[in-house]
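Undergrad: My questions all concern the structure below.
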């Protein structure tokens, strides 16, 4: 069968490769000038590898997903760490841990038990938190919440914590020990040695896959294909019939240093009320600085509405009242009535998904479709 895949990111790539290996002819289109979706990276003028759409950090406990991606390139161990810049210029580990608490409060808490007791004293009990603020207050109290989460959330989502769904902040752990890795519970924390773009090149390197870039999707294309796997925004496909699904986007500001910054981590988050949320020093990531490198590349992130950034959709907006998820559900019901269409990926399913989740969802979806065709 001739199949159409809309989008050359991890969702489209996972579908395309799986379907191609099953013998189908797959055409992949993407409106951008490159493959890789938001995981696209490139070597810049400084000889530093830069992720064009912000740092992408691969972490998971899903062994099958790791086994799949390792077919397409060499990967190296990388355990991500983040620090937060306090208003007095000091740095503290993020997520919050024992060191963070001692730094902020000037304490000398010696162990997990003392941290637990201290946080219980700070906590504002709430039996059934209904939003991100109530959830965080019940865990760490107002001081830590208003320092590390409230300004960042306001900049990132243009909403107060009281308006944000709990799932947005519960992804970030609260530690009572000295663990300072950002993803401590994930067995696999890896980074592609030659970059994500190289991995995508290998995924798409199949005789049954054809790539067309700088190509917008048009419904008139569907007549040439037996089925379409579509990662475009689902509300755009249906001409906003049920209403708009909003997204937050990021404007990236690049700067170059003559000497390397004296950082302990590759990413620093800002706790102030300024417009930037975080800064990445690319050369501190493994295999991100070539031997011929001349300078040191940094990127600052400024959140914005997607309409203010050339309609670049990055993060689906998730509110405490779930009003946009209710709109998405209406679109999903419309999509179920389309006989030869599956919506995939972050924009197609209006979910905030990490890379491993996109790959896992797509591999399962492709195998399910193949199974249905065989019946």
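The values are calculated or read from the model by the stated rules, or taken from the named source; none is laboratory data. Everything quoted here is computed from the prediction, not taken from an experiment. Note: ideal-geometry Cβ built from the backbone for every residue, glycine included; neighbour counts use all protein chains shown.
Undergrad: Could you check, for segment 180-197, whether at least one of its residues is closer than 20 Å to residue 5 by Cα and modelled with pLDDT of 95 or more?
TA: Checked segment 180-197: at least one residue is closer than 20 Å to residue 5 by Cα and modelled with pLDDT of 95 or more.
Undergrad: Further question on the same structure: I need the full set of residues from segment 48-76 which are under 16 Å from residue 200 (Cα atoms) and either in a helix (DSSP H, G or I) or modelled with pLDDT under 95 (or both), in order please.
TA: If the condition is that a residue be under 16 Å from residue 200 (Cα atoms) and either in a helix (DSSP H, G or I) or modelled with pLDDT under 95 (or both), then 65, 66, 67, 68, 69, 70, 71, 72 are the ones that fit.
Undergrad: Further question on the same structure: Test of understanding: among 8, 13, which residue is part of a loop (DSSP other than H, G, I, E, B), within 30 Å of residue 374 (Cβ to Cβ) and assigned by TED's automatic domain parsing to the domain that holds residue 222?
TA: Selected residue: 8, the only one of 8, 13 that is part of a loop (DSSP other than H, G, I, E, B), within 30 Å of residue 374 (Cβ to Cβ) and assigned by TED's automatic domain parsing to the domain that holds residue 222.
Undergrad: Right, next: Take segment 246-295 and flag every residue that is touching a strand residue (DSSP E or B) at 6+ places or on another chain (Cβ under 6 Å), within 19 Å of residue 46 (Cα to Cα) and crowded, with 19+ Cβ neighbours inside 10 Å.
TA: Answer for segment 246-295, where residues must be touching a strand residue (DSSP E or B) at 6+ places or on another chain (Cβ under 6 Å), within 19 Å of residue 46 (Cα to Cα) and crowded, with 19+ Cβ neighbours inside 10 Å: 266, 267, 279, 280, 281, 282, 283, 288, 289.
Undergrad: Among the residues of segment 169-211, write down those that are part of a loop (DSSP other than H, G, I, E, B), closer than 18 Å to residue 38 by Cβ and touching a helix residue (DSSP H, G or I) at 6+ places or on another chain (Cβ under 7 Å).
TA: Once the filter is applied, which keeps residues that are part of a loop (DSSP other than H, G, I, E, B), closer than 18 Å to residue 38 by Cβ and touching a helix residue (DSSP H, G or I) at 6+ places or on another chain (Cβ under 7 Å), segment 169-211 yields only 204.
Undergrad: Could you grab me the full set of residues in segment 151-185 that are surrounded by 19 or more Cβ atoms within 10 Å (Cβ to Cβ) and closer than 24 Å to residue 105 by Cα?
TA: 152, 153, 161, 169, 175, 176, 180, 182 - these are the residues of segment 151-185 that are surrounded by 19 or more Cβ atoms within 10 Å (Cβ to Cβ) and closer than 24 Å to residue 105 by Cα.
Undergrad: Next question. Looking at the structure I just gave you, is residue 298 in contact with a strand residue (DSSP E or B) (Cβ under 9 Å, 6 or more places away or on another chain), more than 19 Å from residue 351 (Cα to Cα) and part of a loop (DSSP other than H, G, I, E, B)?
TA: no
Undergrad: Would you confirm whether any residue within segment 138-146 is crowded, with 16+ Cβ neighbours inside 10 Å, at positive phi and in a helix (DSSP H, G or I)?
TA: Scanning segment 138-146, I find at least one residue that is crowded, with 16+ Cβ neighbours inside 10 Å, at positive phi and in a helix (DSSP H, G or I), so the answer is yes.
Undergrad: With the requirement that a residue be touching a residue at least 40 places away in the same chain (Cβ under 8 Å) and either in a helix (DSSP H, G or I) or within 13 Å of the chain's Cα centre (by Cα) (or both), what does segment 329-349 give you? If you could, list the steps in order and put the result at the bottom.
TA: Within segment 329-349, the subset touching a residue at least 40 places away in the same chain (Cβ under 8 Å) is 330-332, 334-335, 340-349.
Matches in segment 329-349: 330, 331, 332, 334, 335, 345, 346, 347, 348, 349.
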